[in-house]
């Protein structure tokens with residue numbers, strides 16, 4: 001069934017005329033249905049008016065952009081929204097190289113035409129090259145639209161889809177789809193009843209990795225099926241776990257994967273079994289904290305001690321305690337830490353950064 005989209009626009013004063021055009025196309029559908037043509041006509045009243053992320057006018061404009069026929073009715077007033085819709089239709093007409101939509105402008109005869117409408121009529125004739133048609137009543141409007149539809153059909157603009165749906169469906173089903181379906185079923189059966197291999201590759205998340213500290217070693221544990229479990233040691237050169245000969249009945253089922261490595265967040269997840277899987281791994285914050293306390297030689301806490309590593313500095317509190325947080329890009333397995341307070345010797349030491357292990361610093365006079 002060939003659908004011909006139609007939009008009918010006018011100011012509020014011609015609502016009844018729009019209704020008559022709506023009925024016109026409804027009547028035409030009874031006739032054109034035999035030719036496999038369906039007119040889908042709409043006015044602004046046919047659109048949902050609920051709150052939406054787009055303005056109502058945007059919805060009208062979107063429909064106009066896909067229309068085949070757009071009708072504009074004018075009487076005594078030039079409605080700004082109707083004029084806007086005409087500009088949208090004209091824009092689409094230009095973009096399609098004057099192919100679609102077909103735009104029809106009708107003026108209902110009146111003696112009290114507004115100056116704006118008169119100016120627009122003149123503008124339309126001069127700039128669009130379109131001499132606007134007029135009508136006196138519903139009957140004349142129906143007759144003129146009847147003639148225009150006939151012209152559009154004769155020119156080949158309104159034509160049905162040239163095929164018999166039943167014959168086409170039968171041909172597609174029996175001569176194209178059925179052989180493909182049989183071949184597809186054969187491949188599916190082979191695939192379903194064949195064992196498969198699975199490769200799991202660990203890959204560092206760029207947002208949580210340290211270029212100077214590549215992955216060294218870890219352990220990957222995979223459990224699937226009815227308790228089948230395999231454990232794989234991984235290192236810098238071998239970042240893949242290869243599982244061979246997974247029974248066909250487990251395809252598409254879940255596998256439980258667990259990954260552990262020093263300096264990395266633990267991964268404990270469930271994935272669907274597939275030939276290739278990539279497991280993202282992320283650096284934890286084990287190297288991101290240096291903390292401890294500063295005392296003098298008598299064991300008294302020292303406050304206001306400046307503790308520095310790289311370009312980061314904090315001061316010890318009243319209890320002599322300090323906590324230095326190191327951003328990911330500056331983290332390392334060892335850090336050079338410096339402690340200084342006026343009246344005391346500068347203390348400098350390069351040591352390992354270890355989680356839950358404090359640095360205890362003694363400053364000498």
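Only the coordinates and a few stated rules stand behind these numbers; no lab work does. Predicted model only: the values in this text are computed from it and were never measured. Counting neighbours? That spans all protein chains shown, and the Cβs are built from the backbone with ideal geometry, glycine included.
Just a few scattered comments:
- 0 to 90° range, to nearest 10: angle between helix 80-95 axis and the chain longest Cα axis: 80 degrees
- When 75, 256, 98 are arranged by Cβ crowding within 10 Å, least crowded first, meaning fewest neighbours, the order is 98, 256, 75.
- Per-selection Kirkwood Rh - segment 2-154 (Cα, Å, 1 d.p.): 16.1 Å
- Distance between segment 306-336 and segment 131-156 - C-alpha centres, whole angstrom: 84 Å
- Packing-based order for 201-212, 330-341, using average beta carbon neighbours within 10 Å, highest first: 330-341, 201-212
- Mean separation of Cα contacts under 8 Å, 6 or more apart, over the residue count of segment 262-365: relative contact order %: 28 percent
- Here 132, 67 are placed in order of increasing Cβ neighbour count within 10 Å, fewest first, which gives 132, 67.
- DSSP beta bridges fully contained in the chain are about 60 percent antiparallel.
- Each Cα pair under 8 Å and six or more residues apart adds its sequence gap; the mean of these over the residue count of the chain is a relative contact order of 10 percent.
- Crossing angle, helix 56-65 versus the chain [Cα axis fit, 0-90 degrees, rounded to tens]: 70 degrees
- Sorted fewest first by neighbouring Cβ atoms within 10 angstrom, 91, 226 come out as 226, 91.
- Counting only alpha carbon atoms, the long axis of helix 138-154 and the longest principal axis of the chain meet at about 70°.
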